[in-house]
Amino acid sequence: MSARQDFWSRRKAAVQAEAHAEQEALTAQEIAAQQAELENKTDAEILAELDLPDPDLLQAGDDVSGFMAKAVPDRLRRRALRRLWRLNPVLANVDGLVDYGEDYTDAACVVENLQTAYQVGKGMLRHIEALAEQTEAEGHPVEAEAEPATETPEPEAEPAPPVEVADAIQPDEDERPPAPRRMKFEFEG
């Protein structure tokens, strides 16, 4: 019986999902038609039609919620939001506590013609080679060459005495631990 209910529950959900998808498609078509109609009009005509002020002339405290309607084209919405961000001190002024908020690539701090001993892929190789040449010039060799060792035959090891393996000890039946006992229950009555 549960399988039968599952079928009808799934069927009902599928019909609702299909109706919802059709409704969304119709809404998307309406919005696309409105946007296409608004693309042909100038911004001044659209603002007059929707009774909205010019987004560039907004002042602090003006209501921007009218620009958030679906009927307003994105270009006007963006202009209004940009103006809002410039007017609102909370949005316009960064508090300075933001990590990486400053420009660390400031040209005033850069030293012109900066030269280092570091080479890409080689590291500090030139610097290390110069130090090695200095120590050689002073008479201290950097790496002492090891003298070749004379070959001496190793003494042969004596073979170990043979190992005797003891037979495995089988425990007698008397020495085996007793089998675990089972609990027995008796009921009187």
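Here, each number is a calculation from the coordinates, and none is a lab measurement. Note that the structure is a prediction, hence the values are computed from the model and not measured. Heads up, the Cβs are rebuilt from the backbone with ideal geometry, glycines too, and the neighbour counts pull from every protein chain shown.
Figures for the structure shown
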{"item": "Dimensions in Å of region 2-92 - Rg and Dmax from alpha carbons", "result": "20.8, 65"}
{"item": "³J(HN,Hα), Karplus 6.51/-1.76/1.60, whole Hz, each residue of region 56-64, x for Gly, Pro", "result": "6, 9, 5, 10, 4, x, 5, 7, 9"}
{"item": "Rounded to whole Hz, the Karplus (6.51, -1.76, 1.60) HN-Hα couplings of region 36-42, x for glycine and proline", "result": "5, 5, 6, 5, 7, 8, 7"}
{"item": "R11-E158 pseudo-label distance in nm [points 7 Å out on the Cα-to-Cβ vector]", "result": "9.7 nm"}
{"item": "Average Cα contact separation per residue, region 2-92, under 8 Å, 6 or more apart, as relative contact order %", "result": "24 percent"}
